[in-house]
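Chemist: Got a structure here, written out as structure tokens. Questions coming.
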Amino acid sequence: MRWRNDGHGYGIVTKVLHWSTVGLLLAQLAVGYVMDDEADPADVDCDLVGEQLGGGRTSDAEEERLDRAEEECEQVAEAREEDADDAVGAAWSDLWAGDLMGGELTLPGWHVLLGLAIVAVGVLRVVWRRTTPLPPWDDRLTETDRVVLHRAERVLLALLFVVPATGIALVVGSSDLVPLHVAAHLCFYAALVVHVGVVVRRRVVGRMLWGRAG
């Protein structure tokens, strides 16, 4: 049982940090998907059936009542949409106010905490990499594979900070960063596909699981 990387492969700490990152990213993706799906309020039809009876078939008082009811319905629907759009922002504010952990966590609350956890693990990975050398490359990897993996890993590690950072910036009101946030996601997925493609094709996934075995 090796805690640090050595000539035989990755140590326990490196493996734990690697798979913790994978787990947090999968959880964040699942929470984000469910949250977006639930945050989309159901369409509310505020056109009252009685309104169609206008044109002289209802009194002026009834027409006025129907108009008021429709206006109130539209205001409620608009308020629901605003609340859904601001859910993550409210969770972020609650975190800084110390209220986020006071009760049952909502999906936006989990979204915020998972994002911060990803940043924290990213910091730990950078620190660990600085203090612990990597093991030698697997012989099954070609020179091209090694260059591709090295660059893809750098991109992935950088985006562990860029994606949450741009997300936080959006929450606090910098909506101009939406294109950057979306682009960061796309770059992350592209780099991830490249990384997984190489390690699966060369059958070196086992090095991060149980040693040099493929």
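Chemist: Taking H placed 1.01 Å from N in the peptide plane, check which residues at least 5 places from residue 6 or on another chain put their amide H under 5 Å from its amide H.
Modeler: For residue 6, the qualifying residues are 11.
Chemist: How much of the accessible area of segment 102-167, in percent, comes from carbon and sulfur atoms when a 1.4 Å probe is used?
Modeler: Result for segment 102-167: 66 percent of the exposed heavy-atom area is carbon or sulfur.
Chemist: Two decimals is fine: what is log10 I(q)/I(0) at q = 0.17 Å⁻¹ for segment 100-159, from a Debye sum with one equal scatterer on every Cα and no solvent?
Modeler: For segment 100-159, the Cα-only Debye profile gives -0.74.
Chemist: Here is a further query. Could you provide, to the nearest whole Å², the per residue accessible area of segment 107-211 with probe 1.4 Å?
Modeler: 58
Chemist: OK, next. I'd like the FRET efficiency for residue 130 and residue 196, computed as 1/(1 + (r/R0)^6) with the beta carbon distance as r and R0 of 25 Å, rounded to 0.05.
Modeler: My answer for the efficiency is 0.50.
The values are calculated or read from the model by the stated rules, or taken from the named source; none is laboratory data. All figures in this text were calculated on a predicted structure; none of them were measured in a lab. Note that each Cβ is placed from the backbone with ideal geometry, even for glycine, and that neighbours are counted across all protein chains shown. Heads up: the accessible areas ignore ligands, DNA and RNA and are worked out on the full protein's heavy atoms, side chains in. Shrake-Rupley method; radii C 1.70, N 1.55, O 1.52, S 1.80 Å.
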